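Here the structure comes first, spelled out in structure tokens, and everything after it is commentary.
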Amino acid sequence: MRAGEYFLSAFDTFRAQPIRTVLTLVSIAIGIVAIVAAGGAATALEQALTTEITASGAYSLVIQKQPSIITSGEQWRRYMRRRPISYGQASEYKRRIEGSGALVSLFSAAPSQTVRAGTEHTDPDVTLVGSDEAFFPMRNYQLAAGRPLVGEDIFYARMVAVIGNDVRQDLFPADTDPVGKEIQVQNQRFTIVGVLARKGGIFGQSQDNMVIIPIPVFVRAYAEEWNYSVSIFVRARNQAHLEHVFDESIGILRSIRNVRPGEENDFEIEELASIANQLGTFLRFVGLFGAFCGGIALVAAGVGIMNIMLISVRERTREIGVRKAVGATVRSILVQFLVEAIVLCQIGALGGIVLGMLFALLLSHLAGIELTIPIGWVVASIGLCTLVGVGFGAYPALKAARLNPIEALRYE
Amino acid sequence: MSTPPLIVLEGITKHYRMGSEIVEALRGVDLTIRRGEYVAIMGPSGSGKSTLMNIIGCLDTPTSGRYMLEGTDVSSLGDAALAAIRNRKIGFVFQTFNLLPRATALKNVELPLIYAGAPPQERRQRAIAALESVGLGDRLRHKPPELSGGQRQRVAIARALVTGPSIILADEPTGNLDSKTGMEIMALFHRIWQEGNTIVLVTHEEDIARHAHRIIRIRDGRVESDMPNPTPIVGAPLLV
Ligand SMILES: Nc1ncnc2c1ncn2[C@@H]1O[C@H](COP(=O)(O)OP(=O)(O)OP(=O)(O)O)[C@@H](O)[C@H]1O
Ligand SMILES: [Mg+2]
């Protein structure tokens, strides 16, 4: 029997049992949707994260009181006991490290602020950031209007602010230019000098809903209300320089913060790339978990397929007898039923992949990131479905192939 | 140069195990059938006719004895070889037709050619020719449920003929048909025999058996008598 005949025969069978076929396809597709959607979303998030971080974070370090990723309450309590990094310490560090040619930006943030302008006000969810002129180029922040903070703003501690797009929309009509207008955060008045370009997306939302003021103003005006700690963003020229800056930073900070020899650092210094890696690992784990759930759904679908095929073999006993009488071998019957199972699984997989991609597209659209087709997941899905088809089709197919032709022909 | 007989059975037995009991369906059958013969096998129910046919048709293997088909011993062949013999050398016609109910007449007749590995174009042509030769050239697209009993049996006969087998085996081919339709089918068998085919036919009915040129009677798994029929009836002309 020619190979193509098995496929034609499979489609004849599907046509003869449309409802059964569709139900089987749906059960397979559901498993695959879960796998592809989870995989696609995780892959997209990971890529967005990587581009985000590499865009602004190549050869960069972050120095903070605590690590960026905290995985347990116990850790959190330990890091919270550390002394905050004061603006004075951070400034001293900046002065000393800049000699080595690194770019440094200091920043501190206060979440959940309400921003007012005249009678308008935002929800209490705006992040107030105190930072410096280096903040903008180092983060790759673009302006839609006005100017960023400049050195004089910091040096003279001017009461100026750059606002994010969401803040601007909340406070000002679309046709007015907010530059030059005044906003108020907790009794402090600031003159708007610039508006950030809209970023959107999960990583951009923080940028859109943010007000940036000079860090000395932040520290002077708000330091007493929050137990603030200054974070330091450092960018080196290349990998070798990064390693040099890394080591030097540790020395400088230990001396500034009076860490005695033999004692542990009381600050965290991390490469941005390694933070990205950790987040990536986490996302992959999330993706794998989704895939695992999809896998379980697939196994359930596989059991369903086996059940349906067993019924089908019983119903088609006579057909099998006829086929054997006119020249079918044990092998050709086996292959025929296996091909049916595999083709069914793969069509289900294709449907699931299309649906899963639509889901992933929807998710990534909501998250405002670009979807890339998770080829690896797609290939894995098709492979997995083939396995499911072979695995769960094998027993019914063997049963069909081993039927005694005489009994099969007599079967009522 | 003499070609070996088409079929030589020597001491064929077939035992079935039914729980602790052993049913001896065939108890030593010796039989020779030559090319071009038209043989009827008769006997009471349960005498072993179908069992014998299934062994001749390589659907079943004997418990003991030797079966030579066209000079080759097939008693010990494996599944693939037996399947190939069924495909190329045997044409089965059953009492219950045994057509694929969802496939058209054409597809049903093409089935053996699919297993023979014939290319689609050739397959179609040969199947159409076979259906035309049994008078069903205008029923190619009909499915079995849309055909009468006689027409279904003719599709089955076309399917048996389509690979050009060495022998046609028909187990009570008229058993499910009324007598008029039965006679039409017998006329068709007569013509097929005239065209040079070898036919072995199982039947209960003397009227049917008298179409054959040799009548073998079986009782309790043994050949009771094996006699030529000097006055075979020629079936009513086929009404196409
Ligand atoms: N698969 C089987 N298992 C057990 N016994 C069987 C089996 N097939 C046939 N037999 C027995 O073998 C004997 C011969 O059966 P077979 O079908 O050859 O008879 P038959 O001559 O064709 O009868 P009928 O005219 O009713 O078709 C019977 O006694 C039957 O019960
Ligand atoms: Mg019988």
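Quick note: the coordinates plus some simple rules give every number you see, no bench work behind them. All of these numbers come straight from a predicted model, not from anything done at the bench. Every residue, glycine as well, gets a Cβ built from its backbone with ideal geometry; the counts of neighbours run over all protein chains shown.
Over chain B, dividing the summed -39,500 (n - 2.57) contributions of all DSSP H runs of at least 4 residues by the number of residues returns a 222 nm mean residue ellipticity of -9500 deg cm²/dmol. Loop-located GluC sites (Glu not before Pro) across region A:252-286 with a Cβ neighbour count of 11 or fewer within 10 Å are A:Glu263, A:Glu264, with loop assigned by DSSP. Which Cα, out of A:Leu334, A:Ser100, B:Pro119, lies furthest along the positive dipole direction of the protein assembly as shown (beta carbon charges, K/R +1, D/E -1)? Comparing the listed Cα positions along the dipole, B:Pro119 ranks first. Counting only lysines at least 8 places from B:Lys14 when in the same chain, those with an alpha carbon closer than 18 Å to its own are B:Lys49. Where the alpha-carbon atoms of chain B are placed on the principal axes, they occupy 49, 48, 39 Å, in descending order. Eigenvalues of the alpha-carbon gyration tensor of chain A, scaled by 5 and square-rooted, set the equivalent ellipsoid semi-axes at 64, 24, 16 angstrom, largest first. A protection proxy built from the mean count of other Cβ atoms within 10 Å ranks the segments A:67-78, A:99-110, most packed first, as A:99-110, A:67-78.
Could you pull out every one of the lysines with an alpha carbon less than 22 Å from that of A:Lys65, ignoring same-chain neighbours closer than 8 positions? Correct list for A:Lys65: A:Lys94. The mean number of Cβ atoms from other chains found within 10 Å of a Cβ in peptide A:10-21 is 1, as a whole number.
Site pair A:Asp266 and A:Lys181 shows an inter-label distance of 4.5 nm when each label is modelled 7 Å from Cα along Cα→Cβ.
For region A:81-139, applying the loop criterion from DSSP together with a ceiling of 13 other beta carbons within 10 Å to the trypsin sites (Lys or Arg not before Pro) yields A:Arg81.
Taking the 0 to 90 degree range and rounding to the nearest ten, how far is the long axis of helix B:149-161 tilted relative to the main principal axis of chain B, both from C-alpha atoms? On a 0 to 90 degree scale, this one is about 70. Straight-line reach from B:Lys143: which lysines have a Cα under 24 Å away, not including same-chain ones fewer than 8 places off? List returned: A:Lys324, B:Lys107, B:Lys180.
Taking all Cα pairs closer than 8 Å and separated by 6 or more residues, the relative contact order of chain B comes to 26 percent.
Distance between the pseudo-spin-label points of B:Ser2 and B:Ser20 (7 Å out from Cα toward the beta carbon): 5.1 nm.
By the beta-carbon count within 10 Å of each Cβ, the least crowded to most crowded order of A:Val354, A:Val115, fewest first, is A:Val354, A:Val115. Here r is the Cβ-Cβ distance between A:Ala197 and A:Ser100 and R0 is 30 Å; the resulting FRET efficiency, rounded to 0.05, is 0.40. Taking the C-alpha atoms only, the angle from helix B:120-133 to the longest principal axis of chain B is near 80 degrees.
For the pair region A:149-169 / region A:90-129, the C-alpha centres are spaced 10 Å from each other. Of the DSSP H helices in chain A, those with a Cα length along their own long axis of 30 Å or more and a mean Kyte-Doolittle hydropathy reaching 0.0 comprise A:18-57, A:272-315, A:330-367, A:375-401.
Per residue of chain A, the DSSP helices (runs of n ≥ 4 H) give a summed -39500 (n - 2.57) that works out to -20000 deg cm²/dmol at 222 nm. For peptide B:88-98, the mean count of partner chain Cβ atoms within 10 Å of a residue's Cβ comes to 3. Once both labels are positioned 7 Å from their Cα atoms along Cα-to-Cβ, the gap between B:Thr63 and B:Arg191 label points is 4.3 nm. The Kirkwood radius of region A:261-407, taken over pairs of alpha-carbon atoms, gives through the Stokes-Einstein law at 10 °C and 1.306 mPa s a diffusion coefficient of 85 µm² s⁻¹.
Using a cutoff of 8 angstrom between alpha carbon atoms and counting only pairs six or more residues apart, the relative contact order for chain A works out to 31 percent. Note on B:Glu10 and A:Phe7: with the Förster distance fixed at 45 Å, the Cβ-Cβ geometry gives a FRET efficiency of about 0.50. Isolated cysteines in the protein assembly as shown, defined as those with no second cysteine Cβ under 4.7 Å, comprise A:Cys293, B:Cys58. Take each residue of peptide B:107-119, count the partner chain Cβ atoms within 10 Å of its Cβ, and average: the result is 4.
Any chance you could give the angle, 0 to 90 degrees and rounded to 10, that helix B:179-194 forms with the longest Cα principal axis of chain B? The two axes meet at around 80 degrees. Over region A:83-266, the Kirkwood radius and the radius of gyration, each from Cα atoms, give a ratio Rg/Rh of 1.01.
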